[in-house]
Amino acid sequence: MIQHTSAPVAVTAQNWGWRHAGRSRFAVRGVDLDIEPGERILLLGASGAGKSTLLSALAGVLGNDDEGEQEGTLLLDGGSPASRRGRAGLVLQDPDSQVVLARVGDEVAFGAENLSVPRADIWKRVHRALDDVGLDVPLDRSTSALSGGQKQRLALASVLAMQPGLLLLDEPTANLDPQGVIDVRNAVVRVLDRVPATLVVVEHRVEVWAGVVDRVVVLASDGGILADGTPEEVLGKEAARCSLAEAGVWVPGRKPAVEGPVPGAGGEVLLSSANLAVARTKRGPEVLAGVDVEFRAASALSIVGPNGAGKSTLALTLAGLLKPRRGEVMAGAPLARGAGPDPSKWRSAELVQRIGTVFQEPEHQFLTSTVADELEFGPRRVAREPEASFRPRIEGLAERLRLDHLRAANPFTLSGGEKRRLSVATMLATSPDILVLDEPTFGQDAGTWAELVGLLRELVSGGGCVVSVTHDTDFTEALGNRVLDVGAIVDTRRDTP
């Protein structure tokens, strides 16, 4: 039976661990942890250390014995998480996978309805939760019409409306613009001040939450707890003693060293747009217009701007996956040869070898049941390369992006950071001239972030073009990117009387 009270939850873990079915290694192991009711915990650790697995276990949604093996004990208020469902609210790493209903208002109300909250109270909670997270859209707005950042706010609002006793947040600000990050963090604090609950939040960029949590817990990659204490203790003296930076933790004030040359101004034009207008759907409204941009060989470009401004839609249109609403996208001579000037008319095999796209949600591009097959899919079936040609390339990518030990794993069971690196690797495997990435550094620890940036630097120095939709200013700086700020674009054609 679902239970729901507003009292904060106590958490106890004793030598707890979990191994996914079909995997030889435990996703997380040896966790000993006591969290007092109402404590606010920042949970850190390297990509793949088991942070998301622990949150799913606390929410009671990790699975049964058929889906994996558990050892030790994990308790919420003295009972199993499965028996306490409804006491915990989880915001997943991928908000798109959390959306259930077609309209925004119904989505926010859904959790509270399932907890049998009185109808009159539900809609008060819905309005307040949407206000708290700053999602200013009509209640009947289609959830599929929201941007990735807006869906992130929606997922958080849906959980806040439940008023859980244990609030679990998995990278809740990863795809938000800088102001949105502050807004969402402040919204969580306001709600916890109003309706007290225990908080466990996973976030790689620790400075966002360090000032509002009571305690920082760091999971070790090989099991157990690497550090546990106040933010001052863990991120100060403990950071040096435990070598948190070397373990992949983003320690405030320390930037990871990146290898490889910083890209320059670029060479010949590979792709350009003229007075381009874009829309998310065929009949939907324009979300951005008046875009004139060039993609050049041996260069990098960051597409930045506020959430909902059309960055992802623009990237998909420039990559040939959406048709322009008006204006045009034109391939330069090196790309157009043998395929024509309009990328939206290219066949799949022509497109993937010229423009590779990494979606904001990695799962949307996985096609096989193992990491190894996923890496081989493009070169083998689309580019139709001989194995002797692509094998060294994909083995190098797997090693560089720390995926080599996961070759037999199902891509859908990877951590969020591992999924992101796999999605990048699958596109790099086909050696495209242009690589378009949507939030490429999502879910990365300091070490994998540096490795990814170094790999992209090498791609650019070899003559490729990297285009990134990103809110990560460190990433933009490290790649030496040119910047296209969609928030500053004015469609002069529509503004003319």
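Miscellaneous remarks
- Taken together, 450, 488, 446 contain a single residue that is of a type in the set (Gly, Ala, Ser), assigned by TED's automatic domain parsing to the domain that holds residue 313 and more than 25 Å from residue 254 (Cβ to Cβ), which is 488.
- Residue count for segment 69-107 under the criterion of being buried (at least 17 other Cβ atoms within 10 Å of the Cβ) and at positive phi: the result is 2.
- In segment 379-400, the condition of being at positive phi, in a loop (DSSP other than H, G, I, E, B), at pLDDT below 95 and within 22 Å of the chain's Cα centre (by Cα) is met by no residue.
- Residue among 354, 325 that alone is of a type in the set (D, E, K, R) and farther than 28 Å from residue 410 by Cα: 325
Yes or no, residue by residue, for (1) crowded, with 16+ Cβ neighbours inside 10 Å; (2) modelled with pLDDT of 90 or more; (3) acidic (Asp, Glu); (4) touching a Phe, Trp or Tyr at 6+ places or on another chain (Cβ under 9 Å):
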site: 182; (1), (2), (3), (4): no, no, no, no
site: 209; (1), (2), (3), (4): yes, yes, no, no
site: 223; (1), (2), (3), (4): yes, yes, no, yes
site: 226; (1), (2), (3), (4): yes, yes, no, no
site: 233; (1), (2), (3), (4): no, no, yes, no
site: 245; (1), (2), (3), (4): yes, no, no, no
site: 252; (1), (2), (3), (4): no, no, no, no
site: 269; (1), (2), (3), (4): yes, yes, no, yes
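- Residue 480 vs. criteria touching a residue at least 12 places away in the same chain (Cβ under 8 Å), surrounded by fewer than 23 Cβ atoms within 10 Å (Cβ to Cβ) and touching a helix residue (DSSP H, G or I) at 6+ places or on another chain (Cβ under 9 Å): yes
- Entirely in segment 31-92, the strands (runs of 3 or more DSSP E) that have 2 or more residues that are within 18 Å of residue 19 (Cβ to Cβ): 68-76
- Members of segment 212-228 found to be touching a Lys or Arg at 6+ places or on another chain (Cβ under 7 Å) and small (Gly, Ala, Ser), listed by number: 223
- Residues that are more than 20 Å from the chain's Cα centre (by Cα), charged (D, E, K, R) and buried (at least 20 other Cβ atoms within 10 Å of the Cβ), drawn from segment 187-207: none
- Screening segment 302-362 for helices (runs of 4 or more DSSP H) wholly inside it with 1 or more residues that are among the acidic types (Asp, Glu) returns the ranges 348-352.
The values are calculated or read from the model by the stated rules, or taken from the named source; none is laboratory data. Bear in mind the structure is a predicted one, so any value in this text is a computation, not a measurement. Please note: Cβ atoms are built from the backbone with ideal geometry, for glycine as well, and neighbour counts cover all protein chains shown.
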